[in-house]
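Here is the structure we will look at, set down as structure tokens.
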Amino acid sequence: MRRRTGLAIAAAAALAWGEWLNWRWSQALVGKSEGASTAVVVLGYRNPQTTANLINRWRVRAGIRSIAADGAHGTRVIFSGGATSSGATEAQLMADYAKSVLGFDGTVLLEDQSATTWENITNVIPLLEDVDRIKIASQPAHALKARAYLRRQRPDLAERLVRADDYRPGEWMAVKPLLAAYGLWILRGLKADERKVSL
């Protein structure tokens, strides 16, 4: 009985830790920039098949709901990701999913040359110059890494970063401890002053 109680407490603590870290990352390096125009950047993930994989489908949904989060009209969605082993690009696979499955009919731009998160940010910068607000949609730790890269490359554009709707309490809850552990690993190379978050 004691052992079962101990395991239940440990499981609850791990879930709470994962939930808290993902929430905290979603709040880091974003401001309250205002303005009429918004761009939502959706970052791709390795996609060897000919349709968007589970992670890319979730990222697309997070990107699309980030538009509705503040009722922005005329928002552009930028899908970013280069070629996959199937021959299509991550950007194209995500755009196809957004249009054919989610029925998204808004403005879509593709950045289809990137192979890394650093390149994602480098290559979308020309598509962000004229917008007032920038949202980056991915898993919270990965989105934080991308925001930190934008701060390194273009601090002026980073001032326009606002929160995307890529964190929701309870969503993916069972795997959030794993996402948190993975997030700590992918964020390890960022300087603390750039992250503004205690890990």
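For the chain, a Gaussian network of Cα nodes joined below 10 Å ranks SER26, SER80, SER37 by mean-square fluctuation, and the top entry is SER37. Estimated at 0.36 nm per residue, the fully extended path between THR5 and ALA68 surpasses their Cα-Cα distance by 18.5 nm. In segment 1-146, the portion of solvent-accessible area held by carbon and sulfur atoms comes to 56 percent [1.4 Å probe, whole percent, DNA, RNA and ligands not counted]. The long axis of helix 140-153 is offset from the longest Cα principal axis of the chain by roughly 50 degrees. Remark on ILE78: its backbone amide H falls under 5 Å from those of VAL40, VAL41, VAL42, LEU109, a criterion applied only to residues 5 or more positions apart or on other chains, H modelled at 1.01 Å from N.
Between amide H atoms placed 1.01 Å from N, distances below 5 Å from LEU161 occur with GLY31, ILE134, all of them 5 or more places distant or on a separate chain.
A DSSP coil position with no more than 10 other Cβ atoms inside 10 Å describes the following GluC sites (Glu not before Pro) in segment 98-171: GLU129. For segment 103-110, the Karplus equation 6.51 cos²θ - 1.76 cosθ + 1.60, evaluated at θ = phi - 60°, returns couplings of x, 6, 10, x, 6, 10, 10, 10 Hz by residue, with Gly and Pro reported as x. For the residues LYS135, LYS99, LYS145, a GNM of the chain with alpha-carbon springs under 10 Å puts the largest fluctuation on LYS99.
Under a Gaussian network description of the chain, with springs only between Cα atoms under 10 Å, the residue in LEU178, LEU109, LEU144 that fluctuates furthest is LEU178. What's the angle, to the nearest 10 degrees (0 to 90), between helix 54-68's Cα axis and the longest principal axis of the chain? Helix 54-68 sits roughly 70 degrees off the main axis of the chain. The convex hull of the Cα atoms of segment 82-199, projected and averaged over all directions, covers 8.7 nm². Which whole-number percentage describes the relative contact order of the chain, with Cα contacts under 8 Å and a sequence gap of 6 or more? With pairs under 8 Å counted, the relative contact order is 31 percent. If both residues of a DSSP beta bridge must be in the chain, then about 5% of such bridges are antiparallel.
Accessible surface area normalised per residue over the chain is 50 Å², counting heavy atoms of protein chains with a 1.4 Å rolling probe. Remark: the Cα gyration tensor places segment 65-126 in the oblate category, a/c being 1.5 or greater and a/b not exceeding b/c. The angle separating the long axis of helix 90-100 from the principal Cα axis of greatest extent in the chain is about 90 degrees. For GLN113, the residues whose amide H sits under 5 Å from its own are GLY81, ignoring neighbours fewer than 5 places away on the same chain, with H placed 1.01 Å from N.
For the pair ALA36 and THR116, label points projected 7 Å from Cα toward Cβ lie 3.9 nm apart. Below 28 Å Cα-Cα, how many Lys pairs turn up in the chain? Only count pairs eight or more apart in sequence, or on different chains, if you could. Total qualifying Lys-Lys pairs in the chain comes to 16. Taking 0.36 nm per residue of separation and subtracting the current Cα-Cα distance, fully stretching the chain between ALA181 and ASP130 would add 14.8 nm.
Looking at the calculated P(r) for the chain, what percent of the C-alpha pair distances fall above 25 Å? Within the chain, distances greater than 25 Å cover 36 percent of Cα pairs.
For segment 98-115, backbone nitrogen atoms closer than 19 Å to the point 7 Å from ALA83 Cα along Cα-to-C-beta are found at 110-115. Shown in residue order for segment 175-182 are the 3J(HN,Hα) couplings computed by the Karplus curve 6.51 cos²θ - 1.76 cosθ + 1.60 at θ = phi - 60°: 9, 4, x, 5, 5, 5, 4, 5 Hz (x for Gly and Pro).
The values are calculated or read from the model by the stated rules, or taken from the named source; none is laboratory data. If you're wondering where the values come from, they're calculated on a predicted model, not measured in any experiment. Note that each Cβ is placed from the backbone with ideal geometry, even for glycine, and that neighbours are counted across all protein chains shown. Just the protein is used for accessible areas: all its heavy atoms, side chains included, with ligands, DNA and RNA removed. Shrake-Rupley method; radii C 1.70, N 1.55, O 1.52, S 1.80 Å.
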